[in-house]
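These notes concern the structure reproduced below.
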């Protein structure tokens with residue numbers, strides 16, 4: 001089996017990379033084939049180096065690990081912990097870049113060794129209470145799970161390592177996507193943005209609201225030329241309707257605030273929220289400001305000269321890092337109804353919705369304003385082979401991890417398939433029904449699949465938490481090293497943690513049920529040898 005598999009692997013590698021060198025691929029294929037061919041003879045030689053009359057039964061829940069195994073496992077764990085700590089302290093860009101590829105595997109090895117040590121404990125703890133259960137299926141399945149060979153826990157090593165690699169790669173892809181989405185949202189302010197240098201037509205919000213996919217249209221008037229009275233400082237001023245704008249900031253998570261804090265005080269002017277207020281220079285309007293502007297003016301009242309020559313008196317009552325209407329580190333947001341009439345008219349429309357069509361928005365805007373879409377802005381962050389190549393590598397890592405996990409589980413179940421089929425045949429001669437046979441095989445497979453699934457979730461989460469301080473995803477996520485959202489961090493994604501675990505459970509249960517069904521169709525006679533039923 002090893003020689004054809006090695007030849008097929010070499011052929012697949014050469015077809016996948018036709019320009020690669022032949023000699024390294026040939027040596028790699030020969031090495032893998034040699035290891036596969038020599039593994040079983042060397043194991044048999046080591047097992048028979050001393051003549052033994054009876055070696056005893058090697059139950060998974062009974063024997064204790066030897067001192068050599070304990071020392072070897074502790075050595076591997078200490079080395080892996082040291083490598084992970086080095087990556088956390090130095091980071092991937094400060095001499096620890098080679099550890100990034102090894103780090104998920106190292107964390108998986110640590111968790112797998114710990115799980116293999118803890119695996120017999122629940123089996124021992126449940127053995128005695130299971131005897132009190134009614135029926136024979138539950139106690140028999142638990143007893144068989146504890147009496148299998150100790151070597152059957154070895155697939156846990158492969159499962160946990162594959163789970164960790166898949167969870168890590170999926171979390172990287174998810175972190176990159178989140179960073180790009182956040183940066184695009186900061187740049188646009190919503191799902192779409194229509195702005196112009198001149199005031200927008202009054203009927204434009206109604207036309208845009210009828211575009212398929214648009215849920216809300218929020219108006220804002222942005223004065224980019226507002227200055228302090230001495231003319232030395234320029235501060236973008238956004239005049240908004242506090243209610244609608246507070247709802248937009250809450251939906252987009254860009255500086256959410258209570259609308260009542262920004263509403264103009266009584267007597268500041270009259271009129272609607274469309275900017276028709278008759279605000280006076282004496283009225284002090286509450287304002288929302290960026291941290292830089294708040295540090296500059298503090299909590300005192302100050303005057304601001306608008307682009308049309310009018311002035312407004314403001315006092316900063318809220319401080320937020322971001323706001324939808326203005327992109328940058330300096331901004332002020334006030335109630336548009338409190339500003340002088342006609343000073344800051346709506347020239348920005350912020351749209352929220354799903355599946356927005358750029359062509360439909362352009363037709364509705366009728367070329368009176370520039371249309372920016374969040375999806376289009378997000379696509380501008382991917383423009384280098386480094387980014388696309390890194391994403392393909394992590395996607396391949398996820399696929400490889402999932403494939404190895406499924407392969408390890410299937411090989412483990414296939415190796416025990418003949419023995420399970422013979423067991424079902426013997427038990428059917430004693431009156432076991434087909435339904436009970438299915439339950440027996442399913443319950444017997446759970447003690448291996450369930451710890452692997454739960455351990456895989458915990459290991460994947462721990463790997464991401466441990467390695468996130470040393471890994472910066474900004475280079476992969478953004479086309480430049482400077483990210484508008486700051487450092488793109490690696491975060492655990494529940495989806496990538498849960499899917500591999502659920503897949504393994506479904507696969508284990510499905511294979512066990514399929515084996516029980518197939519054994520029931522063949523009948524007990526074909527599975528038994530002479531004397532097996534006695």
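The values are calculated or read from the model by the stated rules, or taken from the named source; none is laboratory data. Everything numeric here is computed off the predicted structure, so don't read it as measured data. As a convention, Cβ positions derive from the backbone with ideal geometry for all residues, glycine included, and neighbour counts pool all protein chains shown.
If we scan the range 410-422, do we find a residue that is touching a helix residue (DSSP H, G or I) at 6+ places or on another chain (Cβ under 8 Å), surrounded by fewer than 14 Cβ atoms within 10 Å (Cβ to Cβ) and either free of Cβ contacts under 8 Å to residues at least 24 places away in the same chain or within 15 Å of residue 162 (Cβ to Cβ) (or both)? The answer is yes; a qualifying residue exists. The residues of the range 257-285 that are exposed (fewer than 15 other Cβ atoms within 10 Å of the Cβ) and at pLDDT 50 or above, listed by number, are 258, 260, 261, 265, 266, 282.
Looking at the range 18-61, which of its residues are part of a loop (DSSP other than H, G, I, E, B) and either modelled with pLDDT of 90 or more or exposed (fewer than 10 other Cβ atoms within 10 Å of the Cβ) (or both)? Show your work before the answer.
We begin by selecting, within the range 18-61, every residue part of a loop (DSSP other than H, G, I, E, B); these are 18-21, 48-58, 60-61.
Within the range 18-61, 18, 19, 21, 48, 49, 50, 51, 52, 53, 54, 55, 56 qualify.
Name the single residue, out of those in the range 484-502 being within 21 Å of residue 169 (Cβ to Cβ) and surrounded by fewer than 17 Cβ atoms within 10 Å (Cβ to Cβ), that is modelled with the lowest pLDDT.
So in the range 484-502, the residues within 21 Å of residue 169 (Cβ to Cβ) come out as 487-502.
Add one more test, that the residue is surrounded by fewer than 17 Cβ atoms within 10 Å (Cβ to Cβ), and what stays is 487, 489, 491, 494-495, 498-499, 502.
Details: 487: 66, 489: 73, 491: 80, 494: 83, 495: 83, 498: 83, 499: 82, 502: 82.
Here the answer is 487.
Condition (residue is in contact (Cβ under 8 Å) with a residue 12 or more places away in the chain, within 30 Å of residue 313 (Cα to Cα), assigned to a helix (DSSP H, G or I) and more than 23 Å from the chain's Cα centre (by Cα)) applied to the range 338-360: is it met by at least one residue? For the range 338-360, residues in contact (Cβ under 8 Å) with a residue 12 or more places away in the chain, within 30 Å of residue 313 (Cα to Cα), assigned to a helix (DSSP H, G or I) and more than 23 Å from the chain's Cα centre (by Cα): present.
Taking the range 378-394 only, how many residues are closer than 22 Å to residue 191 by Cα and surrounded by 13 or more Cβ atoms within 10 Å (Cβ to Cβ)?
Restricting attention to the range 378-394, the residues satisfying the condition of being closer than 22 Å to residue 191 by Cα are 378-383.
If we keep only those that are surrounded by 13 or more Cβ atoms within 10 Å (Cβ to Cβ) as well, we get 378, 380-382.
Total satisfying the criteria: 4.
Limited to the range 359-377, what total is found for residues that are modelled with pLDDT of 80 or more and either farther than 11 Å from residue 194 by Cβ or surrounded by 14 or more Cβ atoms within 10 Å (Cβ to Cβ) (or both)? Even if it seems obvious, please write down each step before you answer.
At the first step, the residues of the range 359-377 found to be modelled with pLDDT of 80 or more are 359-364, 370-377.
Still in the list and also either farther than 11 Å from residue 194 by Cβ or surrounded by 14 or more Cβ atoms within 10 Å (Cβ to Cβ) (or both): 359-364, 371-377.
Total meeting the criteria: 13.
Annotation: of all residues in the range 361-379 being in a helix (DSSP H, G or I) and touching a residue at least 40 places away in the same chain (Cβ under 8 Å), the one that is farthest from residue 324 (Cα to Cα) is 364. The set of residues in the range 427-449 being surrounded by fewer than 16 Cβ atoms within 10 Å (Cβ to Cβ) and in a helix (DSSP H, G or I) consists of 429, 434, 435.
Where in the range 288-336 are the strands (runs of 3 or more DSSP E), entirely inside, with at least 3 residues that are closer than 28 Å to residue 351 by Cβ? Break it down stepwise before answering.
Values: elements: 302-305, 311-319, 332-335.
Because the criterion is at least 3 residues that are closer than 28 Å to residue 351 by Cβ, the strands (runs of 3 or more DSSP E) in the range 288-336 that meet it are 311-319, 332-335.
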